[in-house]
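Engineer: Would you mind keeping the following structure in view while I ask a few things?
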Amino acid sequence: GGFALFCLGRAQLKLGTHRQSFTTLGDTVRPRFSVVVELAVICNCLGSAIGYLIVATDNLLSIFGTPGGSSLVDSRRLWTAVSVGIAAPLSLLKTMDALRVTSALAVAILVAVAALVAAVYFEPSDELSPCGTVGDASCVGEKP
């Protein structure tokens, strides 16, 4: 990520080009080399998307599924389809401005998770305790 952008900037300074993209840099280095650059970018993005899809599917399965269950809700295929059904329309939007609402929702969720962590830390209650009751140390692992 960051190192690639650094290399892109250094190469453009050496070549004297003012266009800042991997495609134009590839064509400057060798004619029609931008096809290889574009394929590399597509592979990188596809790999990242598959990684996010696996994480989303695992999280949805652990939240809504039952360990060892055999119902439809416990199906990995169902949660993969749900994840693709949510992500595919978002990835096909024509402009990045259309993702403003999604970004605001993501920030709101992060704030809510941070507030929940702070609430559990500063105001422990039986409802939020991972052990069931506050002060019950029977579910806590061994301390080194």
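The values are calculated or read from the model by the stated rules, or taken from the named source; none is laboratory data. Here the structure is a predicted model, which means the values were calculated and not measured. So basically every Cβ, Gly included, is an ideal-geometry build from the backbone, and we count neighbours across all protein chains shown. When the accessible area is computed, the model is the full protein with side chains, heavy atoms only, and any ligands, DNA or RNA have been set aside. Shrake-Rupley method; radii C 1.70, N 1.55, O 1.52, S 1.80 Å.
Engineer: Has the stretch 26-37 got any residue that is surrounded by 11 or more Cβ atoms within 10 Å (Cβ to Cβ) and under 19 Å from the mean Cα position of the chain (by Cα)?
Structural biologist: The answer is no, given that none of the residues of the stretch 26-37 is surrounded by 11 or more Cβ atoms within 10 Å (Cβ to Cβ) and under 19 Å from the mean Cα position of the chain (by Cα).
Engineer: Would you check if there is a residue in the stretch 30-42 being at positive phi, of a type outside the set (Asp, Glu) and not in a helix (DSSP H, G or I)?
Structural biologist: The answer is yes, given that some residue of the stretch 30-42 is at positive phi, of a type outside the set (Asp, Glu) and not in a helix (DSSP H, G or I).
Engineer: How about the stretch 37-47: which of its residues are at pLDDT below 90 and not aliphatic (A, V, I, L, M)?
Structural biologist: Glu38, Asn44, Cys45, listed by residue number.
Engineer: Considering only the stretch 83-103, state which residues are open to solvent by less than 60 Å² (accessible area, probe 1.4 Å) and over 10 Å from Leu53 (Cα atoms). Write out each step before concluding.
Structural biologist: Looking only at the stretch 83-103, we keep the residues that are open to solvent by less than 60 Å² (accessible area, probe 1.4 Å), and these are 83, 85, 87-88, 98-99, 102.
Result: Gly85, Ala88, Ala98, Leu99, Thr102.
Engineer: A further question follows. Could you check Gly68 against (1) part of a helix (DSSP H, G or I); (2) open to solvent by 60 Å² or more (accessible area, probe 1.4 Å); (3) farther than 30 Å from Ala4 by Cβ and say which number it fails?
Structural biologist: (1)
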